[in-house]
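Undergrad: Before I ask anything, here is the structure I am working with.
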Ligand code: ASP
């Protein structure tokens, strides 16, 4: 990994020379129209559980490689199902057990996959910078899809959260949305904020323990609350975030019971929100910490809908970037 980028230095574009999205690395910089088009296509791929899932051949003949340098089951399976339902070949590389251990650089792995005709590389990494670094170095027909980058970016999660909110609540302009918990370490919160702000959400609120709030320079335009009860008043959407213990030093890991008492979403607390407020969590949930089981499994929870929407969103993103990469190939 000696060829690792220095975070912040690498800002390679996610757009092709025609200005269209060729990679998806971050939701920052996407226009409201682009986000809406992605949400509309995602909605086209949504089926209710019990129905057969949507399928088409948008990715027939294409190969999608999942490279996860950080453990994941849910997101990897979601990308895999999305790619297969669009007719792609899929390979999963467990990067913990393969090339890194043998000392191969990430770029060598990427070039090997590219030489085997992989067209889309879905990547997750615990450190910032890898997706943009790789996107700046792959062949023109290869697309990079960020499946979770450190605390920074998780664009398909941001889209699935926006889609879930739109399905249940309609127009963003009229909504108050609360993101609560470990905001400092949350790529889910950053991508959700980018999507929701661009989509014109009426009010975005943040609440969490002082030491888990992001820098003031981040999340511009939001309202910050130290008191969860005040933050919950009258909101339409409550998004609880996982405590990212893997990104904290031991001294910063909150005590579970104390955290639940102060910031956990309990049935009692939820009464402060609008009566028809929805409750979201990106998973994996720590039941009894960020959210009680009663709320997670209760009538206001849309957590399963988020998971269902995740596959549809990933289908929409895969279909879009592959289509855009094709038009690039044809361009002079
Ligand atoms: N699964 C999401 C992610 O990878 C959320 C989480 O881990 O808390 O970012």
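Values quoted throughout were computed directly from the atomic coordinates according to the rules given, and no laboratory measurement underlies them. Here the structure is a predicted model, which is why all the values come from computation and not from measurement. For neighbour counting, all protein chains shown are included, and Cβ atoms are generated from backbone atoms with ideal geometry for every residue, glycine included.
Undergrad: Name the residues of segment 67-94 whose amide N is less than 14 Å from a point 7 angstrom out from the Cα of residue 112 along the C-beta direction?
TA: 67-68, 92-94
Undergrad: Pop the C-beta distance of residue 32 and residue 220 into the FRET formula with R0 = 25 Å and round what comes out to the nearest 0.05.
TA: 0.90
Undergrad: If a/c stays under 1.5 just call it rounded; otherwise compare a/b with b/c (prolate if a/b is bigger, oblate if not). Do that for segment 209-266, with a ≥ b ≥ c from the square roots of the Cα gyration tensor eigenvalues.
TA: Verdict is oblate for segment 209-266.
Undergrad: Relative to the longest principal axis of the chain, what angle (0 to 90°, nearest 10) does the C-alpha long axis of helix 303-330 take?
TA: Tilt of helix 303-330: around 30 degrees.
Undergrad: So how far apart, in nm, are the two label points at residue 40 and residue 304 if each is 7 Å from Cα heading toward Cβ?
TA: 3.1 nm
Undergrad: Here's another thing I want to ask about it. Over the Cα atoms of the chain, compute the convex hull volume and normalise it per residue, giving Å³.
TA: 135 Å³
Undergrad: Using the basic label-point model (7 angstrom from Cα toward the beta carbon), what is the residue 127 to residue 56 distance in nanometres?
TA: 4.0 nm
Undergrad: At 0.36 nm per residue, and after removing the present C-alpha to C-alpha distance, how many nm does the segment from residue 267 to residue 72 gain when stretched out fully?
TA: Separation in residues times 0.36 nm, less the Cα-Cα distance, equals 67.3 nm.
Undergrad: Given the DSSP H assignment, sum -39500 (n - 2.57) over each helix run of at least 4 residues in the chain and divide by its residue total; what's the result at 222 nm in deg cm²/dmol, nearest 500?
TA: The helix contribution divided over the chain gives -11000 deg cm²/dmol.
Undergrad: Using 0.36 nm per residue of separation minus the Cα-Cα distance, give me the extension gain between residue 329 and residue 297 in nm, one decimal.
TA: Going from the current span to full extension adds 6.8 nm.
Undergrad: Same structure, new question: Note the angle between two axes, namely the Cα long axis of helix 32-45 and the longest principal axis of the Cα atoms of the chain, as a number of degrees from 0 to 90, rounded to the nearest 10.
TA: 90 degrees
Undergrad: What residue among 170, 148, 283 shows peak mean-square fluctuation when the chain is described by a Gaussian network model with Cα springs under 10 Å?
TA: With Cα springs under 10 Å in the chain, the top fluctuation among 170, 148, 283 is at 170.
Undergrad: Related question: At a threshold of 8 angstrom on Cα-Cα distance, excluding pairs fewer than six apart, so keeping six or more, what relative contact order does the chain reach in percent?
TA: Worked out over the chain, it gives 22 percent.
Undergrad: Could you work out the equivalent-ellipsoid semi-axes for segment 213-317, taking the square root of 5 times each eigenvalue of the Cα gyration tensor, largest first, in whole Å?
TA: Numbers: eigenvalues 91, 71, 55 Å².
Each semi-axis is the square root of five times an eigenvalue, giving 21, 19, 17 Å.
Undergrad: Another question, if that's okay. Please give the helix 187-198 orientation as an angle from the longest Cα principal axis of the chain, in degrees from 0 to 90, rounded to the nearest 10.
TA: Value to nearest ten degrees: 90.
Undergrad: Between 301, 153, 191, find the one with the highest GNM mean-square fluctuation for the chain; connect C-alpha pairs within less than 10 Å.
TA: Judging by the Gaussian network model, the answer is 301.
Undergrad: So what is the relative contact order of segment 251-332, in percent, for Cα pairs below 8 Å that sit 6 or more residues apart?
TA: Taking the mean separation of contacting Cα pairs over the length of segment 251-332, I get 29 percent.
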